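Novice: A single structure is presented below for examination.
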Amino acid sequence: MRPAPDAAMDFAALMSKELSKSKKPADEGKKFLKRSEVEAERKAAYLAEQKALETEREAKAAAKRKREEDAAAENAAREEKRRRLAEESRRRREEQEAEEERARRKRLGLPDLVKATSEDVEEGVGAHQDIPDEELLDKLREIGHPARLFAETHAARLRRYRKLTTVVTNGPIPTTLELVEAKDMKVDGSVPKDLEGRKWLFRQLASYFTMVLTEYQRAMDEEKQETTASKTAYSAMVQTRENMKPLFRKFEVGDLDDSLVEPIVEIVKALQERRYVDANNGYLRLSIGKAAWPIGVTMVGIHERSAREKLHDGAKGHVMGDEVTRKFLQSIKRCLTFAQVRWPPHDLRQLMG
């Protein structure tokens, strides 16, 4: 007896269904990876890590660059403000000197001085300094520079020629002053009133400070910069050299007030004679003044300050109010400290503690 066809088809379908349930996907229970797949995953992870590191480095570099730009902008603004203050101080001093000169000439019955025009002041070219244009062109050609520049005036051409032909020294602080020999550096302690005498004095002072700074720099170069103290000492030397550059510029143009020239000459004279205690006393008188306290320590409030300032006005150390002046005066003090080590005093009582 043969089975019915419908029953056979149901049995075949049932078996096929059971077999399909028991059959698992080939990749469901995969227990291994190909080497190429492992390498691809490792490379992808490495590239992702490197990209993250590069992004972080770029962010740090951008932040550092912004900080440097902000610091540079602040320094530029500070320097510009310092320059404006110095220019304003110089202008006020010139106006005061001109007013005093006019009052003196009026008192003596002398004619008033003729004011220089703004064009002359701006160009800075006087009749005794001028060079004819044709001669100036020939001089520029002789030194191998362009005779004419686009839109260049005669005054600008003359300034360019003087800048090209100006000879500077190759010491720690390059200067246009002609330095004197060691035997001619000794100052006599007085400040000459004539122009030639003041020029010679400024050459003496520049020569002496150049000699001290040269020895200072040589001593710091010979010392090994391996410790924190040696690195600090070297940085102090570099700062001293940089802070004394404005003083050399004043020596070059002769624009140094007598209230500074006289104490500096006193300090240098004591240094040259190896009287370091006297030189330090001169520095203290210059920096903090020598005013007494005649009204006691009870009048320290703001209401009594005006009376106290009137008493002290003639002897206070007002020069420290200018930042540039304060820095080169402190640099002179560092030169003083180094000089007593480099050139010990003959009298031990002149050695600072």
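The values are calculated or read from the model by the stated rules, or taken from the named source; none is laboratory data. The shown structure was predicted, so the numbers you read here are calculated from the model rather than taken from an experiment. No Cβ is skipped: glycine too gets one built from the backbone with ideal geometry, and neighbour counts run over all protein chains shown.
Novice: Do we have any residue at all in the stretch 275-283 that's among the small types (Gly, Ala, Ser) and under 23 Å from the mean Cα position of the chain (by Cα)? Outline the logic, then answer.
Specialist: Kept after step one, since they are among the small types (Gly, Ala, Ser), are these residues of the stretch 275-283: 279, 282.
Then drop every residue that is not under 23 Å from the mean Cα position of the chain (by Cα), which leaves none.
Among the residues of the stretch 275-283, not one is among the small types (Gly, Ala, Ser) and under 23 Å from the mean Cα position of the chain (by Cα), which makes the answer no.
Novice: Take the conditions aliphatic (A, V, I, L, M) and either in a helix (DSSP H, G or I) or in contact with a strand residue (DSSP E or B) (Cβ under 9 Å, 6 or more places away or on another chain) (or both) and apply them to Leu53. Does it pass? Write out each step before concluding.
Specialist: On the way: aliphatic (A, V, I, L, M): yes; either in a helix (DSSP H, G or I) or in contact with a strand residue (DSSP E or B) (Cβ under 9 Å, 6 or more places away or on another chain) (or both): yes.
Yes.
Novice: Out of Gln239, Gln217, Gln225, report the one residue that is in contact with a helix residue (DSSP H, G or I) (Cβ under 7 Å, 6 or more places away or on another chain), outside any loop (DSSP other than H, G, I, E, B) and surrounded by 12 or more Cβ atoms within 10 Å (Cβ to Cβ). Write out each step before concluding.
Specialist: On the way: Gln239 fails: in contact with a helix residue (DSSP H, G or I) (Cβ under 7 Å, 6 or more places away or on another chain); Gln225 fails: outside any loop (DSSP other than H, G, I, E, B).
Every option except Gln217 fails the conditions.
Novice: Return the residues of the stretch 145-179 that are in a loop (DSSP other than H, G, I, E, B) and over 25 Å from Met244 (Cβ atoms); say none if nothing qualifies. Even if it seems obvious, please write down each step before you answer.
Specialist: Pass one, the stretch 145-179, residues in a loop (DSSP other than H, G, I, E, B): 145-153, 166-179.
Matches in the stretch 145-179: His145, Pro146, Ala147, Arg148, Leu149, Phe150, Ala151, Glu152, Thr153.
Residue by residue, here is whether (1) part of a helix (DSSP H, G or I); (2) modelled with pLDDT of 85 or more; (3) surrounded by 10 or more Cβ atoms within 10 Å (Cβ to Cβ); (4) not β-branched (Val, Ile, Thr) holds:
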position: Glu79; (1), (2), (3), (4): yes, yes, yes, yes
position: Glu88; (1), (2), (3), (4): yes, yes, yes, yes
position: Arg92; (1), (2), (3), (4): yes, yes, yes, yes
position: Glu95; (1), (2), (3), (4): yes, yes, yes, yes
position: Arg104; (1), (2), (3), (4): yes, no, yes, yes
position: Pro111; (1), (2), (3), (4): no, no, no, yes
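Residue-by-condition table, conditions (1) modelled with pLDDT of 90 or more; (2) at negative phi:
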{"position": "Tyr161", "(1), (2)": "no, yes"}
{"position": "Val167", "(1), (2)": "no, yes"}
{"position": "Phe202", "(1), (2)": "yes, yes"}
{"position": "Ala206", "(1), (2)": "yes, yes"}
{"position": "Phe209", "(1), (2)": "yes, yes"}
{"position": "Arg241", "(1), (2)": "yes, yes"}
{"position": "Gly254", "(1), (2)": "no, no"}
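Residues checked against (1) in contact (Cβ under 8 Å) with a residue 12 or more places away in the chain; (2) of a type outside the set (Asp, Glu):
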{"residue": "Ser190", "(1), (2)": "yes, yes"}
{"residue": "Gly197", "(1), (2)": "no, yes"}
{"residue": "Glu226", "(1), (2)": "no, no"}
{"residue": "Ala236", "(1), (2)": "yes, yes"}
{"residue": "Gln239", "(1), (2)": "yes, yes"}
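Novice: Given the condition at pLDDT 90 or above and either outside any helix (DSSP H, G or I) or closer than 22 Å to Thr176 by Cβ (or both), answer yes or no: does some residue in the stretch 275-290 qualify?
Specialist: yes
Novice: Could you check how many residues of the stretch 251-262 are in contact (Cβ under 8 Å) with a residue 24 or more places away in the chain and in a helix (DSSP H, G or I)? Steps first, please.
Specialist: Residues of the stretch 251-262 in contact (Cβ under 8 Å) with a residue 24 or more places away in the chain: 251-252, 254-262.
Then drop every residue that is not in a helix (DSSP H, G or I), which leaves 251-252, 258-262.
Counting residues in the stretch 251-262 that are in contact (Cβ under 8 Å) with a residue 24 or more places away in the chain and in a helix (DSSP H, G or I) gives 7.
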